Amino acid sequence: MALEMTYREALAKSIEEEMQKNSEVFIMGEDIGRYQGTFKVTRGFVEKFGSRSANYNYRILDTPITECGFTGIGIGAAMAGLRPIVEFMTMSFSILALDQIINHAAKVHYMTNGEVKCPIVFRGPGGAAKQLSAQHSHSMDGWYAHVPGLKVVCPATVADAYGMMKSAIADDNPVIFYENPGLYTVKGEIPDDINYSVPIGKGQILREGKDISLIGYSRMTQVHLAAAEMLAKDGIDCEVVDVRSLLPLDTETIYNSVRKTHRAVVTYEDWRSGGFGGEIVSRIQEDCFDDLDAPVIRVGGLNVPMPYARNLELLCIPSEEDVIAAVHKIR
Amino acid sequence: MLLRSNTGTKRGSTVAKQAEYKITESAAELEEHLRDMLFIRLFEEKCNRVYREGKAGGYMHVYIGMEALAVGWMKAIRKGEDYVITAYRDHAHALLLGTPPEAVLGEVMGRKCGTAGGKGGSMHIYDPKNGFYGGWGIVGGHIPLGAGLAFAARYRGEDKVCINFMGDGAANQGVVFETLNMASLYDLPCVFVIENNEFAMGTRLEYHAADKELWKRGLPFDIRSERLDGMDVIQMKRQATEIVEWCRKEQRPAWIEIMTYRYSGHGAADNDRQLYRTKEEEELAWTRDPIARLKKQMISLGYMTDEKYEAIEEELNNEVERIYEICDASPFPDPDEVYDNIYSDMTPEKGH
């Protein structure tokens, strides 16, 4: 049997179940308790795991607006064996905590030659929401996917939000769990099974096709699914490859699709120049050169700080039309 | 005991007058203090020689002059239970917590026998089995981690505290203030210990701190805050013991500034100390040498003689040389180990 819910509800259900199962799992972040979370993922948590009247609740820990400091406290707690989930109000704010995430969480296992583990999840909305402008709309996925020692996941579907959160919490390594704010209201189904999980490091084919591979992750996978519907009307049969996990990256799923269709478009919301899509394209040309019938095309966010005006903002974020235009370039 | 006299600009005499007190510690305990401090000093002097001979590289920071501080605090805690974390001047803490000295020197020399198999180096010594969580290279960066260790103890209802060491330079980092706020807000059993050796690398205290009395910085966060003399091991251990047990009982943080001095440069690569201090100042600082002070105290009590001291020094020197021979015979890590332990459950993509 399956349960229908939104992406946001699937995340909340996954986190709540893991907190119920394991008393060493806790969540911390800005306004997640009494205020119920800025994007309401932790709605009702303070009542379930603490008390509204307490000065603080260790399992649902409201923090001051000091990202670097509270991230470090989470990492220290993870080094002692607890399993913290650190919520960033937006991934843009995790920039304040980069030193803690990259210099400390990602490296401690290596620097201790395996003696210390750091089982921690850093999660939050990354990318553009709606008119939040330049400082609240960062896509941080590619930045983190550059760092050995981190795992980075970007689920695009409701079932994956649910199942990959389970895997992220169970993982003994620091995991960046990237939620695009545009996905929170997307509806879908999850299996009615609290032990359901989706492994980190596996891509998937969400739509089979023979003419061209549309490769992406997070909300861009939803854009690809919509673009594929439109292109089908023109007789172009797209295969939608959902990368799901950037680090580790499941290149086999990507390569198998490219070897079948011989053409690929890679879409990512991050700035086009230097974004993670460029890494995917580079790998395809290195390993599948003889299988390609056309250059692999990147579709990325415009290389500008995100503007406020809605028409300009929409211009910056890759759309179905941008994907379709890219497909027509090589088909 | 609060020493509030640090308003002058003369260096090396910050805590000019050392307190008079009655020594009640046993001869055996005092000898252990002396041996521990002397061992650290000889070990660190050996590290300096090893570095100069090219058998250690990178950045290496020794503890010469500051021995009484680490000895006092490490004897005040429950070893192996309580958490200890520090920055990159980390050899002494590991040695005192029970890390085999050959594993410390081996790491400094980048050998397989090192605490991290040669992957960490001098700045990254870890020994979690003995409660030692490093060994960190970003000034101030480990301070929230230490609070996180204390948080874990509090979360689980354990009877542990965290001793969170930092230098005076780190006391200016923003994340330290963030952490103090949360340590107080969440009632964390964490003792922040500032090893104030009066220099943030080559920048003197009065040039890097708007108010040289760093101890005051805990007060706005409603944290117990004090300044103590770190050049007297007997007093240091007594005071540290009181603070550690207070922290354990009250489940509250403390912010303790300890006045000390490093006789060596900031790191092994700091070859020009006269850029930031005078020879006269160093000579004056040597009059506060914690080892010489304890030796004098013990002689006056009849617990020590010059002959016995020399015998101990020779014994410890021989021990350091023995350790060095072990490390020098230990191989460098195997090339294929480069990919090990980046993750607990997978290796990253290989190759250039």
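Can you send over the carbon and sulfur percentage of the accessible area for segment A:204-330, probe radius 1.4 Å, protein chains only?
Taking all protein chains in place, segment A:204-330 shows 51 percent carbon and sulfur surface.
Qualifying trypsin sites (Lys or Arg not before Pro) in segment B:20-71, where qualification requires a DSSP coil assignment and no more than 15 other C-beta atoms within 10 Å, comprise B:Lys22.
Per residue, the convex hull spanned by the Cα atoms of segment A:204-330 amounts to 98 cubic angstrom. Phi-derived couplings, Karplus 6.51 cos²θ - 1.76 cosθ + 1.60 at θ = phi - 60°, listed residue by residue for segment A:49-64: 10, x, 8, 5, 8, 6, 4, 8, 10, 5, 8, 9, 9, 6, 10, x Hz, with x used for Gly and Pro. Each of B:Asp334, B:Asp232, A:Asp62 has its accessible area taken with a 1.4 Å probe; listed largest first, they run B:Asp334, A:Asp62, B:Asp232. Along its principal axes, segment A:1-110 has C-alpha extents of 42, 36, 28 angstrom, given from the largest down.
Using the C-alpha gyration tensor of segment A:143-238, what are the square roots of 5 times its eigenvalues, in whole angstrom, with the largest one first?
Sorted largest first and rounded, they come to 27, 16, 12 Å.
Amide H contacts of A:Val299: A:Val266, A:Thr267, A:Tyr268, each under 5 Å away and 5 or more positions distant or on a separate chain (H built 1.01 Å from N in the peptide plane; Pro and chain starts excluded).
Measuring max minus min along each principal axis, the C-alpha atoms of the protein assembly as shown give extents of 99, 58, 44 Å (largest first). A cut-off under 9 angstrom between Cβ atoms defines the neighbours of A:Val198, and their net charge, with Lys, Arg +1 and Asp, Glu -1, is +2. Residue by residue, segment A:206-213 carries 3J(HN,Hα) couplings of 8, 8, 8, x, 10, 8, 7, 9 Hz when phi is fed to the Karplus relation 6.51 cos²θ - 1.76 cosθ + 1.60 (θ = phi - 60°); x denotes Gly or Pro.
Adding -39500 (n - 2.57) for every DSSP H run of four residues or longer, then dividing by how many residues the protein assembly as shown holds, sets the calculated 222 nm ellipticity at -11000 deg cm²/dmol. Using a probe of 1.4 angstrom, how much of the accessible area of segment B:27-328 is carbon and sulfur, in percent? Of the solvent-accessible surface of segment B:27-328, carbon and sulfur hold 50 percent. Once the Cα atoms are used to define both axes, helix A:219-233 deviates from the longest principal axis of chain A by about 30 degrees. What the pair-distance distribution of chain B shows, using all Cα-Cα distances binned every 10 Å from zero, is 5, 25, 34, 26, 9, 1, 0 percent.
Backbone geometry of segment B:55-66 corresponds, through the Karplus equation with coefficients 6.51, -1.76 and 1.60 at θ = phi - 60°, to 3J(HN,Hα) couplings of 9, 9, x, x, 9, 9, 10, 9, 9, 4, x, 9 Hz, x marking Gly and Pro.
The long axis of helix A:7-21 is offset from the longest Cα principal axis of chain A by roughly 40 degrees.
Tally the DSSP beta bridges in the protein assembly as shown and give the antiparallel ones as a percent, rounded to 5. Bridges in the protein assembly as shown that DSSP calls antiparallel: roughly 20 percent.
The antiparallel fraction among DSSP beta bridges confined to segment A:2-191 stands at about 20%. The amide H of A:Glu239, built 1.01 Å from its N in the peptide plane, has A:Gly209, A:Asp211, A:Ile212, A:Ser213, A:Leu214 as neighbours under 5 Å, considering only residues 5 or more places off or on other chains.
Excluding A:Ser282 itself, calculate the net charge of residues whose Cβ lies under 13 Å from the Cβ of A:Ser282, where each Lys or Arg counts +1 and each Asp or Glu counts -1. Summing Lys and Arg as +1 and Asp and Glu as -1 gives -2. Note that chain A shows a convex hull volume over its alpha carbon atoms of 131 Å³ per residue. Using every pair of distinct Cα positions in segment A:288-331, the Kirkwood expression returns a hydrodynamic radius of 12.2 angstrom. Once divided by 2.2 N^0.38 Å, the Cα radius of gyration of segment A:2-191 becomes 0.95. When the C-alpha to C-alpha distance is required to be over 19 Å, the pairs from A:Lys260/B:Lys350; A:Lys40/A:Lys187; A:Lys40/A:Lys151; B:Lys160/B:Lys249; B:Lys46/B:Lys79 that qualify are A:Lys260/B:Lys350; A:Lys40/A:Lys151; B:Lys46/B:Lys79.
The values are calculated or read from the model by the stated rules, or taken from the named source; none is laboratory data. From a predicted model like this one, the values you see are computed outputs, not experimental measurements. Ideal geometry is used to build each Cβ from the backbone, glycine not excepted, and the neighbour counts take in all protein chains shown. Note: areas computed on protein heavy atoms with side chains; ligands, DNA, RNA excluded. Shrake-Rupley method; radii C 1.70, N 1.55, O 1.52, S 1.80 Å.
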